[in-house]
Amino acid sequence: MRSIRLFDLLMGFSRALDMVSPVLAGHHLRVTFLSQALAERLRLSSATRKYMLMASMLHDIGAIPLKSDTRDLIFEHNKALHCRAGWAFCKTAGLPRPVCDMVLNHHTEWCSYGAEDQNALPANCIHMADRLDVALRSRQAPALRDICATLMTKQSEYSPACLKALSSLADDADLVARLQSPQCMQDHLASLFGAVILGPVQLVDLCGLFSQTIDSKSPFTATHSLGVAHTSRMLLKLSRMADHNDLTTMFIAGLLHDIGKLAIPLEILEKPAALTPEELSQIQQHAETSLDLLGSIPGFTCVRDWGGRHHERLDGTGYPHGIRGAKLSLPMRIIAVADVFTALTEDRPYRAGMPLAKAMEIIESMAELCYLDENVVALLADNVLQVNRARIRAQRRAAANFVVMRRLCGDSAGAA
Ligand SMILES: [Fe+2]
Ligand SMILES: [Fe+2]
Ligand SMILES: [Fe+2]
């Protein structure tokens, strides 16, 4: 895997967040763009602006586990809870404290801050940008100048410095023009942050945060991605066909393989009855969406190919593209086995995980039917205790993370 730019990864994640609801389309990009325009006028340091980039691109991440009506994010309800859940996500994933604070406070009014709040000003910029975007996308779609005039009257909500910066936005013809074009906003932000390359630890931390987000959409699969990531990395390692870089790529592909599930309505994901053919095809669409989203991140070619093909089957009966045989590489075959193994053995709220022997029986029969690769299945069978121990350890850690997260948000995220 080649070097990954921070901006490209965040852009990919924000695209995935926006897919949760059409109401959110483009929201994270526009809030990022507008908050950076304010930060520029306030001459905030480049370090602060980098933290702002991370926070604004992810700011509504806490809404995913809340099952809230996403219109609530755009309008006024349920503000504190999704801010708190987002903060808890970022904190448990080890993101820098200023990023966590800005996510927590992206709806905080200026008058609520104490003197000791170090990230109040950048968080207030994000808050202002968020409200600007909400007003811009409202049904009446007023002009930027009119929205700015309305916000200028909210003296307790925004800092005097932010209000001053805001007053110069409406007359910035360049900014108004860029706001009309997602590509222009993206290019502009890339020109500001394109040089920031993620180190391997930061990359895995951010992907870990996002995999928690994907899994948190439904308690049915609350730790699934981490289980798949550990299982597939271990199988690839046991195959002795991979170097360290491949193992990291495999781990990330496992973490993000179901990213497309963010676009599937919860009623279908959690439907207690049998799915109609139409609902089934909607569920299956997640694999194609994972391919698209992962493919949109420069440098993620292998992550896309390995992660997005986890439902393909050797005999060509899989999805999304019915790829068969030799066209499925070893990592693709491994992640397909890891996905089935994890799905069968993990505990879910409505059932305990299947005993190992029974799960292996099913997986071996899938190899006999030429769905799964027989050599990968044999590798799993030879090492099943060791692989299963690693899977259980990882999924317990993820479950514990959710408990911490729920506690940090006052238990409401879990209950909602
Ligand atoms: Fe929000
Ligand atoms: Fe928002
Ligand atoms: Fe899947």
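Some observations on this one:
- Degrees, to the nearest 10: 79-92 long Cα axis against longest axis of the chain: 50 degrees
- Quarter of the Cα convex hull surface for segment 291-398, i.e. its orientation-mean projected area (nm²): 7.7 nm²
- Pairs spanning more than 24 Å between alpha-carbon atoms, out of 91/237; 50/164; 50/91: 91/237.
- In units of the rule-of-thumb radius 2.2 N^0.38 Å, the chain shows an alpha carbon radius of gyration of 1.02.
- Volume per residue of the convex hull around the Cα atoms, evaluated for segment 200-406, comes out as 122 Å³.
- Residue ranges 115-126, 350-361 sort as 115-126, 350-361 when ordered by packing (mean number of other C-beta atoms within 10 Å per residue, highest first).
- Using alpha-carbon coordinates, inclination of helix 356-368 to the longest axis of the chain, degrees: 80 degrees
- Accessible surface of segment 276-416, 1.4 Å probe, proportion on carbon and sulfur as whole %: 54 percent
- All Cα-Cα separations within segment 85-234 were binned at 5 Å from zero, giving a P(r) of 2, 8, 13, 15, 16, 16, 14, 10, 4, 3, 1, 0, each value a whole percent of the pairs.
- Applying 1/(1 + (r/R0)^6) with r as the Cβ-Cβ distance of residue 118 and residue 348 and R0 = 45 angstrom yields a FRET efficiency of 0.60.
- By average C-beta atoms within 10 angstrom, highest first, the peptides 316-323, 3-10: 3-10, 316-323
- Segment 6-198, dipole about Cα centre (Lys/Arg Cβ +1, Asp/Glu Cβ -1), debye to the nearest 20: 120 debye
- Accessible area in square angstrom per residue, segment 6-198, 1.4 angstrom probe: 41 Å²
- Accessible-area composition of segment 6-198, carbon plus sulfur, in percent [1.4 Å probe]: 52 percent
- Accessible area per residue, Å², segment 273-414 with all protein chains present, probe 1.4 Å: 49 Å²
- As a ratio to 2.2 N^0.38 Å, the alpha-carbon radius of gyration computed for segment 1-145 takes the value 0.99.
The values are calculated or read from the model by the stated rules, or taken from the named source; none is laboratory data. Quick caveat, the model's predicted, so the values are computed rather than measured. Methodologically, a virtual Cβ is constructed for each residue, glycine included, from the backbone with ideal geometry; neighbour enumeration extends over all protein chains shown. Only protein heavy atoms, including side chains, enter the accessible area calculation; ligands, DNA and RNA are left aside. Shrake-Rupley method; radii C 1.70, N 1.55, O 1.52, S 1.80 Å.
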